[in-house]
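Student: Questions regarding the structure given below will be posed in turn.
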Amino acid sequence: MMPLVSNRTLGMTYIKVILLWCITIGSNTLFGQSISGRTTVCVGNNDNYTFNGPAGSKITSWQITKGTASGSGNSRLVNWTSAGTGQVKVNYRDSEGEPQPPATLSVTVNPGSGGVTPGAISVASTSVCNNSSTIIQSASSPTGNGFLTYYWFKRLPQHLFLLKFRAYSNAYTAVNLTESTTFYRQAVFQCTNVNSNTITLTVIPTQNFVVNISINPQRSSFDYCLGELSFTANTSHSGNIYYSWTHTNSETGTSAILSTSQTYTPVDFQSGDFVTVGPIFFQMLFV
């Protein structure tokens, strides 16, 4: 018996595979070339920039926008001279001498210290009571370009303290003051910082003393005609004294400061009104 022989031919399938070289193209990378260096700078900065090109490439020129360049070879030292959007551009040829698309790098050039003003701070009074608070206000705002934040500082005789870091408020509330302290505000722009004027708050120590009110002319009764009397505040305190006479209307309950001198002569009083200086008050019955 003869063996069976198949007349089939075994076949193979061929797949052609094509390998592709992929190049990532970015803002400063093209066909294997790039420029390295800082992309955010300030006017007046000097920064190095280096061209990285394909093997055998030859630089034909450098072009700088918003600055000037010096140096040789594949690197340049750029002095940034004006604010705005700058650019470093390199023209070159490949190893066969053919011109290639230029390499570019965009650079943000922020203004320097020129044209920046610090602004000023103010306060209602530089004398404050012990353990009190006061608001240091902005008398004028800083001027300049770029992003702005504030740093607040206080200075004691032997120490300097940073109170607020990267604050957005141009005013500051000083609280619980127990000793004389100097404050100032620092305006921080992207490329420079400037200090405001300084304000020294003098803390007045707590003092206990008695204030009495005397009336002239003196009578055994408190019956007076309007216009014939005056009040005088008396105290044993020997330092600086500030007076504040307050008139309170007996019907409406409203009060108003009438005088800041030691003696006060009432006008337009009604029967039952009373006068106050400090914590002492005196009620008058007019006839």
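The values are calculated or read from the model by the stated rules, or taken from the named source; none is laboratory data. None of these values were measured; they are calculated from a predicted model. In this analysis, Cβ positions are derived from the backbone assuming ideal geometry, glycine residues included, and neighbour counts consider all displayed protein chains.
Student: Against the definition (more than 20 Å from residue 53 (Cα to Cα) and part of a loop (DSSP other than H, G, I, E, B)), how does residue 97 come out, yes or no?
Tutor: It is false that residue 97 is more than 20 Å from residue 53 (Cα to Cα) and part of a loop (DSSP other than H, G, I, E, B).
Student: Could you list, ordered by first residue, the pairs with Cβ atoms under 6 Å in which the first is in the range 153-179 and part of a loop (DSSP other than H, G, I, E, B) and the second is aliphatic (A, V, I, L, M) and at pLDDT 85 or above, at least 6 apart or interchain?
Tutor: Qualifying pairs under 6 Å: 179/203.
Student: Going through 192, 181 one at a time, which residue ends up being of a type outside the set (A, V, I, L, M, F, W, C) and modelled with pLDDT of 90 or more?
Tutor: 181
Student: Next question, about the same structure. Look at residue 100 and say whether it is polar (S, T, N, Q), surrounded by 14 or more Cβ atoms within 10 Å (Cβ to Cβ) and modelled with pLDDT under 95.
Tutor: yes
Student: Another question about this same structure. With the structure loaded, tell me whether residue 84 is touching a Leu at 6+ places or on another chain (Cβ under 7 Å) and free of Cβ contacts under 8 Å to residues at least 40 places away in the same chain or whether it fails that test.
Tutor: no
Student: I'd like the full set of residues that are out of contact with any Gly (no Cβ under 9 Å at 6 or more places or on another chain) and either within 21 Å of residue 112 (Cα to Cα) or not assigned by TED's automatic domain parsing to the domain that holds residue 143 (or both), limited to the range 169-196.
Tutor: Across the range 169-196, the qualifying residues are 186, 188, 193, 195.
Student: Do you know which residues across the range 228-282 are at pLDDT below 70, more than 41 Å from the chain's Cα centre (by Cα) and over 19 Å from residue 216 (Cα atoms)?
Tutor: Passing the criteria: 236, 237, 238, 250, 279.
Student: When you check residue 109 against the structure, is it among the aliphatic types (A, V, I, L, M), farther than 30 Å from residue 199 by Cα and at pLDDT 95 or above, yes or no?
Tutor: no
Student: Between a first residue in the range 39-65 that is under 18 Å from residue 103 (Cβ atoms) and outside the structural domain of residue 101 (by TED's automatic domain parsing) and a second residue that is of a type in the set (Phe, Trp, Tyr) and assigned to a loop (DSSP other than H, G, I, E, B), which pairs have beta carbons less than 6 Å apart while being 6 or more apart in sequence or on different chains?
Tutor: Qualifying pairs under 6 Å: none.
Student: To continue, here is another question. I'd like the residue in the range 146-173 that is among the basic types (Lys, Arg) and either over 14 Å from the mean Cα position of the chain (by Cα) or under 16 Å from residue 200 (Cα atoms) (or both) and, out of all such residues, is surrounded by the most Cβ atoms within 10 Å (Cβ to Cβ).
Tutor: 154
Student: Further question: Among the candidates 126, 143, 134, which residue alone is under 16 Å from the mean Cα position of the chain (by Cα), assigned by TED's automatic domain parsing to the domain that holds residue 179 and hydroxyl-bearing (Ser, Thr, Tyr)?
Tutor: Selected residue: 143, the only one of 126, 143, 134 that is under 16 Å from the mean Cα position of the chain (by Cα), assigned by TED's automatic domain parsing to the domain that holds residue 179 and hydroxyl-bearing (Ser, Thr, Tyr).
Student: Is there a residue being in contact with a Phe, Trp or Tyr (Cβ under 6 Å, 6 or more places away or on another chain) and over 26 Å from residue 44 (Cβ atoms) anywhere in the range 112-133?
Tutor: no
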